[in-house]
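All remarks here apply to the structure that follows.
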Amino acid sequence: MGVTKVVEIPITLEIPVGPQHPALHEPLMLKVYADGEDVIRVDINTGYNHRGVEKLCEKNNFYQNIFLCGRVCGICNTVHANCYTRAVEYVLDIDPPRRAKYLRVLAMELERIHSHMIINAIMAEILGFDTLFMYIMRDREKIMKAKEILTGNRVLADYMMIGGVRRDVDEVKKDRIKKLLDSIEPDVRYYKKVFEEDDTILKRLVDVGVIKPRDITLHGLLGPTARGSGIEIDVRAGDRYDAYDEVPFNVVVRKEMDSWARMMVRWEETLESINMCRYVLEHLPSDGPAVPDERRLPRRFPEGESFARVEAPRGELTYYVYSVGKQIPYRVKIRTPSFNNIINSGFTYIGYSIADVPVILTSYDPCIACMERAVVIDLESGVRKLVSLRTIVKGGV
């Protein structure tokens, strides 16, 4: 009697997540290949939100580009504007007054607070905790109000300018911002406790999306994603730009390496940022002026190039600016943390279930608007080809 040999052939199912999906607030395509419920491969496709910001920077002057770069991302617009502004200041050899540097830190830390709160709220929504989502978003509005008091705008601040900031603060505004910070700190501590103790949150986040420190460095992952895996990397501590050399803070690092650790890093950083904002308001230098006279700003730009970094809420953001001595830059190159964290993270989904995919993606705090800036076409002939926006919209590239 012959031996019957049974060969099991796994059936791989391709599941498209996006570009329009309830779990994604921005257009991104994850092609998830699954064997049953287990993910065996993920392909990440971007390009659905292209705006050509880098190319537009070559058509506007250095001062106009401050507003343009501030619109690369709606959530972290002050850090984009700050990074570009400092890159231009390096070309011009301009050092802003200490008061302006302190106010820049205040604006960026307020932005870090509301950015971390919104992604934790979105994680609650992904897990089905709609009530928790609503409560976090309600309290986030206090920080949006503080940002409005400081900058004059609730979302797009347009606060940075070469040589300083656009608005100063008086004692009345400082007191109003302090009260808002005092009122939100107990709420943040409560939400942190919920993430630490709620059984449903722990079961969905703990040991899900584990990234070992070796993989963090191998794939160039940044920000809270890296710090959640024990990698102590923070541009604020590394470069000490603006007033970060004077404002005390701790770099938050956790060792758990999973999705829960990444969310907890953000809650702990939120508390650090609240203390940093208080310090700025209580130790604001009097030397200035914080707001420079625009009429006295340089109209001629020397030849040269510069590179600036900033610790955005999602990680290291970099700007490269190249000047050829004209009023318009020859090149502005932007590298955002989401560009690294999203495109390089396909391996982190493998081995987990399909239901874990939205959770792992959310733990990276994806910002697709930051990623979609330019389309680069490499032709074998070496001929440079210009692609119209109409062609891009029609899917021609």
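With respect to the conditions (1) out of contact with any Asp or Glu (no Cβ under 8 Å at 6 or more places or on another chain); (2) of a type in the set (V, I, T); (3) not in a loop (DSSP other than H, G, I, E, B), V169 lacks only one, and its number is (3). Regarding D130, is this residue open to solvent by 10 Å² or more (accessible area, probe 1.4 Å) and within 19 Å of D293 (Cα to Cα)? When the stated conditions are applied, D130 does not pass them. Can you tell which of I136, I149 is within 23 Å of P186 (Cα to Cα), in the same structural domain as D198 (by TED's automatic domain parsing), of a type in the set (A, V, I, L, M) and more than 22 Å from the chain's Cα centre (by Cα)? One residue alone meets the criteria, I149.
For the stretch 163-180, the tally of residues that are more than 22 Å from the chain's Cα centre (by Cα) and open to solvent by less than 40 Å² (accessible area, probe 1.4 Å) stands at 6. Could we say that L222 is of a type outside the set (F, W, Y), touching a Lys or Arg at 6+ places or on another chain (Cβ under 8 Å), surrounded by fewer than 18 Cβ atoms within 10 Å (Cβ to Cβ) and more than 21 Å from G351 (Cβ to Cβ) here? So L222 fails the test. The set of residues from the stretch 181-194 being free of Cβ contacts under 8 Å to residues at least 60 places away in the same chain and either crowded, with 18+ Cβ neighbours inside 10 Å or of a type outside the set (S, T, N, Q) (or both) comprises D182, P186, D187, Y190, K193.
Rundown of residues vs (1) closer than 18 Å to F301 by Cβ; (2) out of contact with any helix residue (DSSP H, G or I) (no Cβ under 7 Å at 6 or more places or on another chain), yes/no style:
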{"position": "H80", "(1), (2)": "no, no"}
{"position": "R86", "(1), (2)": "yes, yes"}
{"position": "E109", "(1), (2)": "no, no"}
{"position": "S115", "(1), (2)": "no, yes"}
{"position": "I122", "(1), (2)": "no, no"}
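Annotation: of all residues in the stretch 310-340 being of a type in the set (K, R) and farther than 18 Å from L92 by Cβ, the one that is surrounded by the most Cβ atoms within 10 Å (Cβ to Cβ) is R314.
Please verify whether the stretch 294-308 includes one or more residues that are within 26 Å of L110 (Cα to Cα) and within 26 Å of the chain's Cα centre (by Cα). Yes. Considering only the stretch 14-40, state which residues are touching a Ser or Thr at 6+ places or on another chain (Cβ under 8 Å) and either closer than 24 Å to F133 by Cβ or surrounded by fewer than 17 Cβ atoms within 10 Å (Cβ to Cβ) (or both). Listed by number, the residues that qualify are A23, L28, Y33, D35, E37, D38, I40.
Residues satisfying the criterion are absent from the stretch 240-247 (criterion: in a helix (DSSP H, G or I) and either of a type outside the set (D, E, K, R) or modelled with pLDDT of 95 or more (or both)). Among the residues examined, G209 qualifies as open to solvent by less than 40 Å² (accessible area, probe 1.4 Å), assigned to a loop (DSSP other than H, G, I, E, B) and either under 21 Å from A121 (Cα atoms) or out of contact with any helix residue (DSSP H, G or I) (no Cβ under 8 Å at 6 or more places or on another chain) (or both).
The values are calculated or read from the model by the stated rules, or taken from the named source; none is laboratory data. Worth saying up front: this structure is predicted, and the values here are computed from it rather than measured. For neighbour counting, all protein chains shown are included, and Cβ atoms are generated from backbone atoms with ideal geometry for every residue, glycine included. Heavy atoms of the whole protein, side chains included, go into the accessibility calculation; ligands, DNA and RNA do not. Shrake-Rupley method; radii C 1.70, N 1.55, O 1.52, S 1.80 Å.
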